[in-house]
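A short worksheet on the structure shown next.
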Amino acid sequence: MPFIGQAPASDVADGSITSSKLASDSVTTGKIVDATIATADISNDAVTAAKTDFYASSSSAPSSPAEGELWYDTAGNVLKAYNGSSWDIVKYDTEFSLTYHVIAGGGGGGGGHNNGNAVSGAGAGGYRSSTDTTGGGGSLEAALNITAGTSYAVTVGAGGAGGAKATGISATCEGSNGSNSNFASITSTGGGGGTGYLASAANSGGSGGGGTYYSSSSAGGAGTSGQGYAGGAGITSSPYRGGGGGGAAGVGATGTASGNGGAGLNSSVTGSSVGRGGGGGGGTYTSNTAGTATHGGGAGSVGNTTGVAGTVNTGGGGGGGGWASADGGAGGAGGSGIVILKYPAARAITVSGGLTSSTSTVGDYKITQITAGTGNVSWA
């Protein structure tokens, strides 16, 4: 229906309205009757973006919009219309870009033994990221293209069990490797477990477990390129200290030096800085100093005490247990991993049963943290 006082299309002679007669923003959607202006009636380039209320593309909303205006939100790849008080979604693009942190479970620290051994700390879980720094000195990984309506598999790796303390001459007291974490095509490798008495060799992983005393080799286990670093070597003489587990940002220290766990990485993807991916510290004999740990790794212990566990959802390696003349301490468990997904705030995620998650908004993006389980996610 024409507006009151509005001239019908038949009253406007062809060619009488030119681009020079249209002041910027003088023609709005409210002044045009549906279907009264045909394509043939508009000369090439007569109507430009400056002469309409349509905003072709922008990552932030236009200021002081009028009802009915359209805006293509480039941050979310979505077309929106202003309803007078807020922007309504008109149409989504099928694909959008997503960045991630995929961090595997840390290894469990080695257990102590009363016959004497330098007990090593465990390696951190593999640390892969396309949001900020990735582990193992690797280059920042590429963002993933996600298709709306498609399901993507997710697994959050558990931390490895700490090695039990033992007195039997055949006991190895080894900690278990952490479990892998994955999202879509991205997999991070679980951290290498710490070693103890009579272990055959240190364990490799996302970051490698430390080496120990009384094993066939005191060398630390290897890390995985682009995920984490190697563990430090143990020392076969005083102070009888195991090597630190490797971390996402550094090699574990040798038992000779300190037995400290390798450093992890800080990230503010969730809105505040959190350290993840630290290696566990090496354990030692009574009256000596055990290895320390940062970024979610667990410190080593002294005497017959248990190594400190890695922090939950950091992928930190567990600390090595200590040992005394008649007893030992168990290794600390590895910290579980985490999957963190960053995507445009206009998108809505669906998380299947079997996964534990939370979602928050940080600026123009949503951040979903998946902290446990196995399942699938999808987006609209």
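One table, with the values for the structure above:
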quantity	calculated
Probe 1.4 Å - accessible area at Ser287, Å² to nearest ten	100
Accessible area expressed per residue, the stretch 298-380, with surrounding protein chains retained (probe 1.4 Å, Å²)	34
FRET efficiency, Ser358 to Glu67 (Cβ-Cβ, R0 35 Å, nearest 0.05)	0.50
Over the stretch 247-380, relative contact order from alpha-carbon pairs under 8 Å, at least 6 apart, %	16
Shape call, the stretch 331-380: gyration tensor on alpha carbons, a/c limit 1.5	oblate
Qualifying GluC sites (Glu not before Pro) for the stretch 56-160 [loop in DSSP, other Cβ within 10 Å: at most 15]	Glu67
Alpha-carbon centroids, the stretch 268-308 and the stretch 180-251: separation in whole Å	14
Accessible-area order (highest first, 1.4 angstrom probe) of the listed residues Thr195, Thr236	Thr236, Thr195
Pairwise centroid distance, computed over Cα atoms, of the stretch 348-378 with the stretch 118-151, Å	17
The stretch 305-380 - percent of accessible surface contributed by carbon and sulfur, probe 1.4 Å	53
Carbon + sulfur, % of accessible area of the stretch 131-183 - ligands and nucleic acids excluded, 1.4 Å	49
Summed residue charge, Cβ within 13 Å of Thr306's Cβ, Lys/Arg positive, Asp/Glu negative	0
Cut-off 10 Å between beta-carbons: net charge of the residues surrounding Gly226, Lys and Arg +1, Asp and Glu -1	0
Accessible surface, the stretch 107-156, averaged per residue in Å² (probe 1.4 Å)	28
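The values are calculated or read from the model by the stated rules, or taken from the named source; none is laboratory data. Bear in mind the structure is a predicted one, so any value in this text is a computation, not a measurement. Heads up, the Cβs are rebuilt from the backbone with ideal geometry, glycines too, and the neighbour counts pull from every protein chain shown. Surface accessibility is based on the protein's heavy atoms, side chains included, excluding ligands, DNA and RNA. Shrake-Rupley method; radii C 1.70, N 1.55, O 1.52, S 1.80 Å.
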